[in-house]
Each structure stands twice: as structure tokens, then as C-alpha cells.
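Notes follow the structure.
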Amino acid sequence: ERAAAYYGKAKLAAKNERLDEARRWLIRFLEETPTHSLAAEARLLAADILTRQGVYTAARKALDEILKIKEMRGRPHARALAGLARIETEQDHAKRAIPYWQRIYTLYRAYTELVVEAYWESAQLFEEIDDPIAARNTLAELLRDERLMAYPQYAQAELELPRLEKAVQARSATAEQTADTERKAEL
């Protein structure tokens with residue numbers, strides 16, 4: 001009961017933007033009851049708070065710990081990967097964030113709410129790094145999974161796909177023109 005109370009107080013404090021107080025409750029939770037059934041949730045909350053505070057190294061460490069603990073496999077691992085992707089995104093490392101999202105929709109297919117977010121976020125990051133082909137392919141893959149139809153990202157993907165198709169066609173046309181120009185220059 002004590003562990004649940006610590007976690008509950010931390011969650012309330014975090015919700016009310018009292019992040020230092022929330023961290024103190026979580027430290028107490030993890031020190032006194034590290035094997036409690038809420039341990040994964042407590043670690044994820046701690047990492048989220050650290051990320052919100054810009055303490056990325058500590059947040060990354062907390063998330064990496066989750067990935068190392070066998071008992072936390074499944075949803076906690078997938079959520080830890082999402083946390084690592086968000087850290088990389090916040091630090092403007094889109095190319096390093098994408099693989100974390102990809103691991104979610106490749107390895108954790110059972111957690112549809114995380115899978116749809118992973119597809120959507122990775123597509124956005126592909127666009128950010130100017131790779132419309134990968135963005136289009138990612139959204140097309142999202143749309144092929146009928147289990148994801150109930151999520152808002154599915155509808156957003158349906159709207160975005162035609163625009164990405166045009167961007168891919170424009171990119172192909174530009175590449176063809178460049179190739180033609182190079183061939184003519186060789187002659």
C-alpha cells in the first residue's frame with residue numbers, strides 16, 4: 001500500500017507540474033519498494049519527468065534500465081523505446097529517433113496504441129529529414145493494418161498519403177531531369 005501511495009502522490013504532483021516533488025516520491029518508491037508491481041510505471045514516470053525537466057542523460061538511463069529488466073518486457077519496453085525516441089526528437093536527432101519508433105512497430109505489434117503512434121511519429125521524422133519516400137512507405141504500412149483504424153492517426157495518414165505521393169513523384173521527376181542533364185553533358 002505504501003508503494004501505491006508513493007506512486008499516486010508522484011503522479012498527482014507530476015500532473016500538477018510539481019516535478020521536483022514528483023521525483024522525490026518516485027525516488028522514495030524505487031528505494032523502498034523496487035520490486036513492486038508498479039515499478040515499471042514508476043520508472044516510466046520518472047523518465048517522463050526527467051525528460052520534461054530537460055535532464056536527458058538521467059531520463060535515458062532510467063529508460064535503458066527498463067529495457068534491461070526481463071520482468072518489464074512487453075508494454076514497458078515499448079513505452080521505454082517511445083521515451084527514448086522522444087528524447088532524441090527533443091534534442092533534434094531525428095535520425096536517431098526513427099529506429100526507436102521502428103522497433104516498436106516491428107517488435108511490439110500487440111500494443112496497437114503504441115504501434116500507431118510509432119508509425120505516425122516515424123513518418124513525421126522521415127519528412128523532417130527530407131525523405132518523403134520513407135514517410136510515404138511508413139504511412140502506407142500504417143494504413144494496411146486494419147487494427148489501427150480506430151485511432152486518429154489512421155485518419156491523418158489517409159489525408160497525408162496523397163500529399164506524400166505527390167512529393168515522391170516530384171522528387172522522381174527532379175531526379176530524372178538531373179539524370180537527363182548529366183547524360184546530355186556527357187555527350
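Some observations on this one:
- Top-ranked residue in region 32-45 [being open to solvent by 20 Å² or more (accessible area, probe 1.4 Å) and touching a residue at least 12 places away in the same chain (Cβ under 8 Å); ranked as farthest from A22 (Cα to Cα)]: H36
- Matching residues, region 1-18, being surrounded by fewer than 19 Cβ atoms within 10 Å (Cβ to Cβ) and either under 24 Å from R75 (Cβ atoms) or free of Cβ contacts under 8 Å to residues at least 12 places away in the same chain (or both): E1, A4, A5, G8, K9, K11, L12, K15, N16, E17, R18
- Count - residues of region 133-147 that are in a helix (DSSP H, G or I) and either surrounded by fewer than 20 Cβ atoms within 10 Å (Cβ to Cβ) or touching a Cys at 6+ places or on another chain (Cβ under 8 Å) (or both): 9
- Pairs with Cβ under 8 Å, 6+ apart, first in region 155-178 and closer than 19 Å to I129 by Cα and open to solvent by less than 70 Å² (accessible area, probe 1.4 Å), second of a type in the set (S, T, Y) and assigned to a helix (DSSP H, G or I): A157/Y119
- For region 51-59, the condition of being within 25 Å of I129 (Cβ to Cβ) and surrounded by 19 or more Cβ atoms within 10 Å (Cβ to Cβ) holds for at least one residue.
- Yes/no for A82 being out of contact with any Ser or Thr (no Cβ under 9 Å at 6 or more places or on another chain), assigned to a helix (DSSP H, G or I) and surrounded by fewer than 13 Cβ atoms within 10 Å (Cβ to Cβ): no
- A78 vs. criteria touching a His at 6+ places or on another chain (Cβ under 9 Å) and farther than 22 Å from D131 by Cα: no
The values are calculated or read from the model by the stated rules, or taken from the named source; none is laboratory data. Keep in mind it's a predicted model, so treat the numbers as computed, not measured. Glycine gets a Cβ as well: all are built from the backbone with ideal geometry, and neighbour counts include every protein chain shown. When the accessible area is computed, the model is the full protein with side chains, heavy atoms only, and any ligands, DNA or RNA have been set aside. Shrake-Rupley method; radii C 1.70, N 1.55, O 1.52, S 1.80 Å.
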